[in-house]
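Read the figures in this text as sums done on the coordinates, not as results from a lab. Since the model is a prediction, treat every value here as computed from it, not as a measurement. FYI the Cβ positions are ideal-geometry reconstructions off the backbone, even for glycines, and counts take in every protein chain you see.
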Amino acid sequence: MSFPGTAPTLCLLPGLDGTGRLYRPLVEALSADFDVRVIDYPNDTLDGYDELAKVVAAKLPVDRPYVLIAESFAGPLSVLVASVQPKGLRGLVIAASFLQQPVSNAKVFARLLRYLPALMHPPVALLEAVLIGGWKEVPLREQLESVLQDVPLPVLKSRLLAAMRVDARAAFRQVAVPVLYMRATRDRLLRLRVRHDFASAEIIDIEAPHFVFQTVAPQAARCIRRFISEKVISTG
């Protein structure tokens with residue numbers, strides 16, 4: 001499947017780390033057909049979703065069509081950006097993400113997190129078990145540890161708090177472009193009912209842990225190509 005002269009630019013919004021370095025497998029899987037850009041976040045401010053949405057909006061293309069692609073933490077962020085119907089936006093792809101209450105007892109977790117000092121990074125072994133699951137043959141542990149070490153702890157805590165408190169359901173109703181939601185069937189992090197918030201989107205199941213774009217990038221890329229071909233270009 002190729003897109004000569006018609007392919008939109010793909011703008012990838014990173015997860016909690018904000019760097020986009022963990023998106024390398026997906027970028028490699030898509031770059032043959034698309035201009036792929038990673039929109040990173042500043043790591044020197046404690047910005048919440050509303051502030052980050054302004055940062056992202058300022059970095060988006062102004063002279064070409066584009067599709068926003070988001071995973072995990074970036075899902076609500078992509079919805080806030082798309083809800084104001086920016087010029088050039090043609091589609092939205094969200095994987096393993098949420099619009100509100102990403103985990104069970106999210107409000108309780110947020111209250112606890114608010115008062116816990118940010119003194120140490122979360123154990124990488126625990127994160128690996130939750131985010132990567134049974135895909136441990138994928139060499140992500142060292143990369144995950146390296147990326148997290150480069151993000152200040154107060155920034156990570158601030159973004160975690162934002163994720164626990166966000167409610168982007170109203171904003172999602174204002175999105176006027178086609179939306180694809182990719183549900184990871186082996187997700188150990190998100191509560192089971194998050195997919196119901198995306199009922200108006202096209203929903204597909206993909207066999208993967210929470211880190212969809214890192215563990216099954218070729219499959220995810222095929223889903224993205226098909227969505228763009230059928231729902232973005234054909235209707236654009």
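Estimate the FRET efficiency between SER229 and SER146 by the formula 1/(1 + (r/R0)^6), using the beta-carbon distance for r and 35 Å for R0, to the nearest 0.05.
Plugging the Cβ-Cβ distance into 1/(1 + (r/R0)^6) gives 0.50.
Taking 0.36 nm per residue of separation and subtracting the Cα-Cα distance, what length does fully extending ARG195 through VAL62 add?
Full extension from ARG195 to VAL62 adds 44.7 nm.
Quick check: pseudo-label points 7 Å beyond the Cα along Cα→Cβ at THR45 and ARG165, how many nm apart are they?
Inter-label distance under the simple model: 1.7 nm.
Pop out the ³J(HN,Hα) list for the range 210-218 in order, Karplus 6.51 cos²θ - 1.76 cosθ + 1.60 with θ = phi - 60°, rounded to Hz; leave Gly and Pro as x.
4, 7, 5, 6, 8, 9, 10, 4, x
Per residue of the range 12-29, in order, report the coupling 6.51 cos²θ - 1.76 cosθ + 1.60 (Karplus, θ = phi - 60°) as ³J(HN,Hα) in whole Hz, putting x for Gly and Pro.
8, 9, x, x, 4, 5, x, 8, x, 5, 6, 8, 3, x, 6, 4, 5, 6
Could you work out how far apart the two model spin labels at ARG21 and LYS157 are, taking each label as a point 7 Å from the Cα in the direction of the beta carbon, and quote it in nm?
2.2 nm
Between LEU89 and residues 5 or more places away or on another chain, which pairs have amide H atoms under 5 Å apart, with H built 1.01 Å from N, and which residues are they?
Under 5 Å from the amide H of LEU89: TYR66.
Per residue of the range 176-191, in order, report the coupling 6.51 cos²θ - 1.76 cosθ + 1.60 (Karplus, θ = phi - 60°) as ³J(HN,Hα) in whole Hz, putting x for Gly and Pro.
10, 10, x, 10, 10, 10, 9, 8, 7, 6, 10, 5, 9, 9, 6, 5
Take each of the peptides 95-102, 75-82, 22-29, average the number of other beta-carbon atoms within 10 Å over its residues, and list them starting from the highest.
My ranking of the peptides, most packed first, is 75-82, 95-102, 22-29.
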